[in-house]
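For reference, the structure is listed below as structure tokens.
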Amino acid sequence: MSLERWTSVDEYYAKLLMPPDAVLNAALERSNAAELPAINVAANQGKMLMIFAQMQKAHRILEIGTLGGYSTIWLARALPAGGRLITLEYEQKHADVARENIKHAGLSDKVEVRVGSAHDTLPALVKEGVQPFDLVFIDADKPGYPEYFKWSMKLSRPGTIIIADNVVRDGEVVNPNSEDERVRGIRAFNEVITKEKRFNATAIQTVGAKGYDGFIIGTVTE
Ligand code: SAH
Ligand code: DHB
Ligand code: MG
């Protein structure tokens, strides 16, 4: 099976299940114009995240890794009035593009973009004593995943959903000798989550316009 085939199936289902979306298209155009890498989730994956947040009846969402705010918009659309999404981004330029996209999506009142390394902004959230989040989406630099997961657990409650992107990487995840720091990061993350008795997870492989990758999806049990 080829990327071409996967992409045409993505397009087929996008046409069937997702009405044309000027806001999200403009967000991707603005991200392209600013030369951000096109490593946002695919449209069907963004909608999956939105549906997870709806199933969870999430009022509070945490995202680690904003880029241009594409996944942010999908997730924030699931929030009820008064709901809140905090998204963490290291690059000032990415955060600027994201804020613009979020504004054009009419979501500025619900979404807060915090600039800085998540290695600093996550402990800051804990220190502030924020309310626990209902859903966490981990999608920043892969070597950071083990630490981001530990902080996410501290910012969770029993029933919180934690989702991590890019856990398959063309199947390279099964290679214990991989020299790709992203793959090594995911494998270290997997070691941490399997040791965490309060996290109950599964892994789903995906193919599509963005290639062959996958998600870890789990719930915090206690
Ligand atoms: N969630 C986005 C894609 C995120 S790409 C979407 O699907 O639309 C990963 C992002 O993580 C990039 O913007 C990158 O700058 C950011 N990032 C990298 N290292 C980081 C760190 N230490 N803390 C916070 N964000 C980081
Ligand atoms: C990369 C990061 C992502 O979050 C993604 O979805 C795809 C690729 C990367 O760093 O290569
Ligand atoms: Mg990703």
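The values are calculated or read from the model by the stated rules, or taken from the named source; none is laboratory data. Please read these numbers as outputs of a predicted model, since none were measured by experiment. Every residue, glycine among them, receives a Cβ derived from its backbone with ideal geometry; neighbour counts consider all protein chains shown. In case anyone asks, the SASA skips ligands and DNA or RNA and just uses the protein heavy atoms, side chains included. Shrake-Rupley method; radii C 1.70, N 1.55, O 1.52, S 1.80 Å.
Quick notes on this structure:
- Checking residue 19 against (1) more than 16 Å from ligand 1 (Cβ to nearest atom); (2) touching a residue at least 24 places away in the same chain (Cβ under 8 Å); (3) more than 28 Å from residue 160 (Cβ to Cβ); (4) in a loop (DSSP other than H, G, I, E, B), the condition it does not meet: (2)
- Only a single item in (1) closer than 15 Å to residue 163 by Cα; (2) away from ligand 3 (no atom under 16 Å from the Cβ); (3) of a type outside the set (Gly, Ala, Ser); (4) touching a residue at least 60 places away in the same chain (Cβ under 8 Å) is not met by residue 45, and it is number (2).
- Condition check for residue 98: without any contact (Cβ under 8 Å) to a residue 12 or more places away in the chain and aliphatic (A, V, I, L, M): no
- Strands (runs of 3 or more DSSP E) fully within the range 138-220 counting 2 or more residues that are loosely packed, with under 15 Cβ neighbours inside 10 Å and away from ligand 2 (no atom under 15 Å from the Cβ): 199-208
- Residue 81 open to solvent by 10 Å² or more (accessible area, probe 1.4 Å), more than 8 Å from ligand 1 (Cβ to nearest atom) and either under 17 Å from residue 166 (Cβ atoms) or at pLDDT below 95 (or both): no
- Residue among 39, 61 that alone is among the β-branched types (Val, Ile, Thr), open to solvent by 60 Å² or more (accessible area, probe 1.4 Å) and not in a helix (DSSP H, G or I): 39
- Residue 2 meets all of the listed conditions (1) in contact with a helix residue (DSSP H, G or I) (Cβ under 6 Å, 6 or more places away or on another chain); (2) more than 21 Å from residue 165 (Cα to Cα); (3) not β-branched (Val, Ile, Thr) but one, namely (1).
- Test set (1) crowded, with 20+ Cβ neighbours inside 10 Å; (2) touching a Leu at 6+ places or on another chain (Cβ under 7 Å); (3) without any contact (Cβ under 8 Å) to a residue 60 or more places away in the chain - residue 50 fails condition number: (1)
- Scanning the range 100-109 for residues that are surrounded by 19 or more Cβ atoms within 10 Å (Cβ to Cβ) and farther than 15 Å from residue 25 by Cα yields a single hit, 107.
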